[in-house]
1. Percent of alpha carbon pairs in the stretch 64-118 separated by more than 12 Å?
2. Could you check the simple spin-label distance between residue 63 and residue 302, using points 7 Å along Cα→Cβ, in nm with one decimal?
3. Have a look at 292, 186, 360 and report the one farthest towards the positive end of the charge dipole of the chain, computed about the Cα centre with Cβ charges (Lys/Arg +1, Asp/Glu -1).
4. Is any residue of the stretch 143-179 close enough, with backbone N under 13 Å, to a label point placed 7 angstrom from the Cα of residue 376 along the Cα-Cβ axis, and if so, which?
5. Say the dipole of the stretch 214-256 comes from +1 at the beta carbon of Lys and Arg and -1 at that of Asp and Glu; which of 248, 223, 235 then lies farthest toward its positive end?
6. At a 1.4 Å probe, what is the % contribution of carbon and sulfur to the accessible area of the chain?
7. Give me the distance in nm between label points sitting 7 Å out from Cα along the Cα-to-Cβ direction at residue 118 and residue 411, one decimal.
8. Roughly speaking, what is the stretch gain from residue 224 to residue 287, that is 0.36 nm per residue apart minus the C-alpha to C-alpha distance, in nm to one decimal?
Amino acid sequence: MKKRFTKLIGISLSVMMSVTGMSAMAVHADEKDVTLTIEASQEIVNNIPYAFYDENIAAFEAQYPNIKVELVLNPDAQNTSILQTKLASGQPSDLICYNKVAAENELEVVKNCVDLSNEAFVDRLENKDILVAPDGNIYGFAYAIKTGGMGVVYNKTLFEEKGLEVPKTYDEFLAVCEALKADGITPFYGPFKDVWTFQMWTSSTWGYYVGQNEPDLWDKLNANEIGWDEIPAFQDSLEKAYALYEDGYMQETVLSDDYNSITAAMGSGEYAMTVGSNTTVRDLLNAHENIVFDMFPYPVYEGEDEYITISQLDAEFFIPKDAKHIDEAKLFLDFMVQPEQADRAQAAASFVPNVKGAKAPEFDDFEGRLYEEYNKTGKTVLEMNAYMKVDLNDLWVYFQDMFAGAKTPAEVLSTWDGTFEELMSAKGFENF
């Protein structure tokens with residue numbers, strides 16, 4: 001599996017797949033061959049290997065060889081704009097894999113995608129409510145019920161060797177950083193060459209702040225009732241992050257080190273913490289058998305240490321209305337919403353399946369702790385990105401400007417406020 005999956009995420013790949021005969025639209029072997037395209041970002045494919053598990057692909061392939069599936073991979077930073085352009089031009093792929101709330105806002109799935117509410121597979125979902133769009137309909141399928149989360153990924157072995165405790169407040173976090181720096185260890189590894197990596201800090205901390213303190217703030221921002229530069233807590237979060245860099249708690253090369261460098265950097269013992277998610281931790285554990293890695297919530301705001309930040313629902317598969325092969329795309333989803341496929345996919349990565357009758361996951365110690373302490377108990381907050389109706393790539397570039405010294409935290413927010421208004425106006429939202 002790993003060998004084939006590595007191949008999947010490296011380049012666009014065409015693989016022979018087939019579909020079940022469970023639907024009235026069953027494809028027969030003597031019909032014309034069809035190429036079914038599935039489009040996603042590299043990040044999504046990497047984060048949800050169970051959704052692209054090779055044995056499920058092989059099962060498709062063995063039984064129904066008349067459908068060929070082409071996986072189209074987009075660069076992470078350009079994925080949204082590419083998909084928006086294809087949808088607008090009426091030339092989308094047959095299936096789009098995208099995060100749920102962002103798809104509703106950025107890709108306007110209610111307008112652009114097929115309503116799947118009455119498809120047979122919906123009755124086989126464990127929890128169909130999590131797929132319901134604001135208009136009450138279902139436009140996609142996600143393999144997993146959301147677990148895991150984002151936070152500060154850290155070298156637990158190193159912490160224990162140095163006698164350090166997981167910080168619960170920002171002052172404690174700074175004290176840990178100072179102790180590590182005094183011992184010749186760079187406290188925090190910033191892999192900020194990729195525009196999307198630092199935004200895990202803001203999407204998490206801002207998501208927590210709003211969820212716990214001003215739950216109507218996203219609505220106010222999206223209605224232009226308040227500006228991004230009028231929210232002190234957002235500026236405070238940026239100032240704290242930039243101060244880590246200025247005070248030497250991050251490496252000097254933050255803008256030339258990318259996400260893929262985390263594995264080597266964190267395994268070297270030269271760094272103690274970084275941004276990331278449960279996927280980051282799992283990758284580190286797989287790469288370094290003699291080091292224990294773990295994750296704790298960002299302690300930027302009071303109380304934030306008690307909650308893990310979860311991203312919006314991952315890997316929802318949507319069928320655009322202008323897709324060339326809508327029937328085949330529906331059959332693809334119908335095939336995947338079965339216990340057999342969900343059970344097979346556990347070998348790729350443990351997940352809580354959204355399929356009735358599928359077996360429960362077997363989490364490792366780390367994933368099990370996150371699930372029991374946070375996901376299962378409801379100690380989660382939704383990331384900021386889930387509430388946005390426009391592409392955030394410009395904001396992420398402004399974050400890089402901050403680390404380059406070209407913008408202050410306040411200027412990041414004021415510049416983004418102007419850009420946000422332009423983007424919202426261009427999409428036709430009221431009050432902009």
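The values are calculated or read from the model by the stated rules, or taken from the named source; none is laboratory data. Keep in mind the model is a prediction, meaning the values are calculated, not measured. Every residue, glycine among them, receives a Cβ derived from its backbone with ideal geometry; neighbour counts consider all protein chains shown. Keep in mind that these areas ignore ligands, DNA and RNA; they rest on the heavy atoms of the full protein, side chains included. Shrake-Rupley method; radii C 1.70, N 1.55, O 1.52, S 1.80 Å.
1. The calculated P(r) of the stretch 64-118 puts 71 percent of pairs beyond 12 Å.
2. 5.8
3. So the residue we want is 360.
4. Residues 148 qualify, since their backbone N sits under 13 Å from the label point.
5. With unit charges placed on the Cβ atoms, the residue in question is 248.
6. Ligands and nucleic acids excluded, carbon and sulfur reach 45 percent.
7. 5.7
8. Result: 18.1 nm gained on full extension.
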